[in-house]
Each structure stands twice: as C-alpha cells, then as structure tokens.
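First comes the structure, then the notes that go with it.
The values are calculated or read from the model by the stated rules, or taken from the named source; none is laboratory data. From a predicted model like this one, the values you see are computed outputs, not experimental measurements. Cβ sites come from the backbone with ideal geometry, for glycine too, and all protein chains shown count toward neighbours.
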Amino acid sequence: METESLPIACLLTAPELQERRRTVLQKFRSAVTEVKELEAGYSYSLPADGEWLAELANLVDLERQCCPFHRFNIIVEPAGRPIVLEITGPAGTKEFLEATFNQIHP
C-alpha cells in the first residue's frame with residue numbers, strides 16, 4: 001500500500017479501540033527515555049527489556065489500524081542499549097506525531 005496517498009488522520013472509530021489506544025499510548029509515553037526528531041518523523045527510546053518489545057508490537061498493531069500512513073521500525077541493539085521505535089511517513093506525519101505522540105517531548 002502506498003502511504004503517500006493515505007490521509008494523515010486517525011481512523012479509529014470503535015470506542016473500545018480508542019480507549020485501548022489511549023491506555024497503550026499513556027504507558028508508552030511514561031516509558032520513553034528520549035525523543036529524537038527524524039527527517040520524516042520521530043524516534044522514541046525505551047528500556048531494553050523483553051516487556052517493551054511486546055508492548056511495542058501491541059502499539060504498532062494498534063497504530064497500523066488507526067494510522068495506516070505510518071511506517072514503523074523497531075531497533076533492538078546488543079549490550080542492553082535502549083529499544084528504539086521509529087515512526088515516519090509522508091508529509092504531515094511529523095506534525096501528526098507532535099499532536100498525538102509527543103506530549104512526552106521535553
């Protein structure tokens with residue numbers, strides 16, 4: 001699917017999914033240790049443990065349902081370095097992330 005032609009908007013309509021997303025995003029925001037601006041989005045560093053790998057898979061699954069224009073990369077490095085989630089996409093993605101994900105941005 002070509003993300004360039006998708007609208008930059010959340011598509012979630014079911015109240016249960018909206019609540020689940022809100023809960024998962026709150027947990028995500030509380031665990032983020034660093035936010036870096038990328039050319040087409042942001043990267044978010046999280047603790048280097050298996051629990052966060054599972055949580056990120058859950059978050060990516062939810063975000064794919066509501067925001068199909070996002071591209072996701074999960075980076076797992078050796079030696080206990082943080083897990084990094086990169087979220088990028090077409091023009092407008094950064095602004096969308098600033099309004100939805102980046103309440104944790106310092």
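Select from the range 63-79 the residues that are in a loop (DSSP other than H, G, I, E, B) and in contact with an Asp or Glu (Cβ under 9 Å, 6 or more places away or on another chain) and write down the one among them that is nearest to residue 22 (Cα to Cα).
My answer is 70.
So residue 103 clears everything in (1) part of a helix (DSSP H, G or I); (2) modelled with pLDDT of 90 or more; (3) not hydrophobic (A, V, I, L, M, F, W, C) except one condition, right? Which one?
Unmet for residue 103, out of (1) part of a helix (DSSP H, G or I); (2) modelled with pLDDT of 90 or more; (3) not hydrophobic (A, V, I, L, M, F, W, C): (2).
Within the range 68-86, does at least one residue satisfy the condition of being among the polar types (S, T, N, Q) and touching a residue at least 24 places away in the same chain (Cβ under 8 Å)?
No, because not a single residue in the range 68-86 is among the polar types (S, T, N, Q) and touching a residue at least 24 places away in the same chain (Cβ under 8 Å).
Only residues in the range 21-34 that are over 17 Å from residue 66 (Cα atoms) count as the first member; pair them with residues that are part of a helix (DSSP H, G or I) and among the β-branched types (Val, Ile, Thr), Cβ under 9 angstrom, at least 6 apart or cross-chain, and list the lot.
These pairs meet every condition: 29/104; 30/104; 32/104.
Among what's in the range 35-60 and is within 25 Å of residue 91 (Cβ to Cβ) and charged (D, E, K, R), pick the residue that is surrounded by the most Cβ atoms within 10 Å (Cβ to Cβ).
Looking at residues that are within 25 Å of residue 91 (Cβ to Cβ) and charged (D, E, K, R), I get 37.
Does the range 42-55 contain at least one residue that is part of a strand (DSSP E or B), under 16 Å from residue 102 (Cα atoms) and either modelled with pLDDT under 90 or of a type in the set (S, T, N, Q) (or both)?
Within the range 42-55, one or more residues are part of a strand (DSSP E or B), under 16 Å from residue 102 (Cα atoms) and either modelled with pLDDT under 90 or of a type in the set (S, T, N, Q) (or both).
Restricting the search to the range 21-41, which residues are of a type in the set (Lys, Arg) and modelled with pLDDT of 95 or more?
36, the sole residue that qualifies.
Looking at (1) of a type outside the set (Lys, Arg); (2) under 11 Å from the mean Cα position of the chain (by Cα); (3) in a strand (DSSP E or B), which one does residue 60 not meet, given that it meets all the others?
(3)
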